[in-house]
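This report refers to the structure that appears directly beneath it.
The values are calculated or read from the model by the stated rules, or taken from the named source; none is laboratory data. These figures come from a predicted structure and were not determined experimentally. No Cβ is skipped: glycine too gets one built from the backbone with ideal geometry, and neighbour counts run over all protein chains shown. When the accessible area is computed, the model is the full protein with side chains, heavy atoms only, and any ligands, DNA or RNA have been set aside. Shrake-Rupley method; radii C 1.70, N 1.55, O 1.52, S 1.80 Å.
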Amino acid sequence: MTALGGDRGEATPQCTISRYEHMCGVCKSNILPGDRMFCFETTHATTNKKSICWGHESCHNTNLPPPPTCRHWMRLGRCPSLQAGLCAFSHNEDARGSAATNLDKKRYGGRRNYIRNQHKNSVLRIFLMQTYGIDYLNQQDGVIIDAAGGKGELAWELINLSGVKDCVVVDPRQLNLSLVQTKWKKGLFEPKRTGPVFSKWYPACEDGCKMRQSKSPRHLRCFLDGEACVEFMNAASEEDVHRADDWYQNQLIRAKEISWTSKGLTQHEDGTSYHEEEATNNVESKSSETIETAESEISSAQEARSVLQKSHLIVGLHCDQAAGEIVDFASAKNIPWCVVPCCTYSEMFSCRKLADGTRVTSYDHLVQWLQERDPRAKVATLDMEGKNKVVYTLP
């Protein structure tokens, strides 16, 4: 059995840094924030229930029980804290990935396999910070567009966790930020919770930030049509502006009439699709969260035009039909783009062909097709399951 860290046979245990004040399981004195500490597993004498105890690094002795196996090591087969030398748990090679989710498990109520990508917004956000740098993302008077942004969580994270000044969601659906706002109010993004390994990816968060109000991203509630958006953005004459403004108002009406259903689960990774033929005047919920996100919707055509004109980066995470539109808009405006493609929609886009004439009918074809759209395009793999290829260009 090979151990990568945390075995008690070593004179020096694998340690981490304490973020809270709590009692040492060996000497019974307090472990203070910033102290180095190790862990070991104990079993209750009567209930036989196992629990984790922590101790000062100086209190370590080889007679103590070994540490439990790292849950990330068992589930994912990797541990970022171990790479930084800050995980106190065991990382035996034979336990690596032993508790991985059964990837053959079907998504409830549908036919798709279960995909473990709950943190996909954070994964892409960190990729953007690494690839473009926070200075470029936070460009003065610039706007990042999150195309087909769904609930708006990626834009929310860029604003509240990375400190980006302005990120606007373009999507016909109503934003739903209840999950990330609940996490914010619980302080889950504060440095004492994210820890020394991950806190560098949360530069806009400080201990106690849960006490202040998070900021909702602005929202262009419409479909992204690359050619039409460019025409709307560049309207100059009074006649063109009037026609473009009418187009935008019609787009707002169209978006609110779309009925979002659970059909099409075999084509959409997040389990939703829209069916315009089922258009209806939906009754949307009126909770405080939805009222707040509704207030962030941009109804003014002038403000919407300004957003598009100031955009300096457009991104799309599992953006489905909008993938090609993102590239069209970015190319027309000569700005970088970053797309994590998802579904191919080969029947809807039957005219898509690769450089060699092959029809785009698979996910790999779609990635290659996007890359061929721009000679500067690069491809990388994100650290998540499911559709994890990202195609992007640099400034």
* Asked: Consider Thr194 against the criteria (1) farther than 30 Å from Glu21 by Cα; (2) among the β-branched types (Val, Ile, Thr); (3) assigned to a helix (DSSP H, G or I): it satisfies all of them except one. Which criterion is unmet?
  -> (1)
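Residue by residue, here is whether (1) open to solvent by less than 20 Å² (accessible area, probe 1.4 Å); (2) touching a residue at least 60 places away in the same chain (Cβ under 8 Å); (3) among the β-branched types (Val, Ile, Thr) holds:
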{"residue": "Leu354", "(1), (2), (3)": "yes, no, no"}
{"residue": "Val367", "(1), (2), (3)": "yes, no, yes"}
{"residue": "Leu370", "(1), (2), (3)": "yes, no, no"}
{"residue": "Thr393", "(1), (2), (3)": "yes, yes, yes"}
* To do: Return only the number of the condition from (1) free of Cβ contacts under 8 Å to residues at least 40 places away in the same chain; (2) farther than 21 Å from Ala147 by Cβ that Trp201 does not satisfy.
  => (1)
* Residue list for region 125-149, restricted to those being within 15 Å of Leu394 (Cα to Cα) and open to solvent by less than 10 Å² (accessible area, probe 1.4 Å) -> Leu128, Leu137, Ile144
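Mind listing whichever residues of region 177-191 are open to solvent by less than 30 Å² (accessible area, probe 1.4 Å), without any contact (Cβ under 8 Å) to a residue 60 or more places away in the chain and part of a loop (DSSP other than H, G, I, E, B)? Write out each step before concluding.
Within region 177-191, the first condition is being open to solvent by less than 30 Å² (accessible area, probe 1.4 Å), and the residues that meet it are 177, 180-181, 184, 187, 189-190.
From the residues that got through so far, the ones that are without any contact (Cβ under 8 Å) to a residue 60 or more places away in the chain too are 180, 184, 187, 189-190.
Scanning region 177-191 gives Gly187, Phe189, Glu190.
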* Residue pairs meeting the criteria (Cβ under 8 Å; at least 6 apart or on separate chains; first open to solvent by 50 Å² or more (accessible area, probe 1.4 Å), in region 225-249; second not charged (D, E, K, R)) -> Glu227/Ala332; Glu231/Ala244; Arg243/Ala235; Trp247/Ala228; Trp247/Phe232; Gln249/Ala301
* Asked: Of the residues that make up region 260-268, is at least one closer than 21 Å to Ser178 by Cβ, open to solvent by 70 Å² or more (accessible area, probe 1.4 Å) and either under 28 Å from the mean Cα position of the chain (by Cα) or modelled with pLDDT under 95 (or both)?
  -> yes
* Quick one: count up the residues across region 207-255 that are touching a Gly at 6+ places or on another chain (Cβ under 7 Å) and among the charged types (D, E, K, R). => 1
* Asked: Inside region 316-352, can you point out the residues that are closer than 13 Å to Thr393 by Cα, open to solvent by less than 40 Å² (accessible area, probe 1.4 Å) and part of a loop (DSSP other than H, G, I, E, B)?
  -> Ile335, Pro336
* Restricting the first residue to region 64-76 and requiring it to be open to solvent by 50 Å² or more (accessible area, probe 1.4 Å), which pairs with a second residue that is assigned to a helix (DSSP H, G or I) meet a Cβ separation below 9 Å and a spacing of at least six or different chains? -> His72/Pro80; His72/Ser81; His72/Leu82; Met74/Ala95
* Asked: Applying the selection to region 152-172, what residues are open to solvent by 10 Å² or more (accessible area, probe 1.4 Å), out of contact with any Lys or Arg (no Cβ under 8 Å at 6 or more places or on another chain) and not in a helix (DSSP H, G or I)?
  -> Gly163, Lys165
* Asked: Which residue pairs have Cβ atoms closer than 6 Å, lie 6 or more positions apart in sequence or on different chains, and pair a first residue in region 307-321 that is under 15 Å from Thr131 (Cα atoms) with a second residue that is of a type in the set (S, T, N, Q)?
  -> His312/Gln139
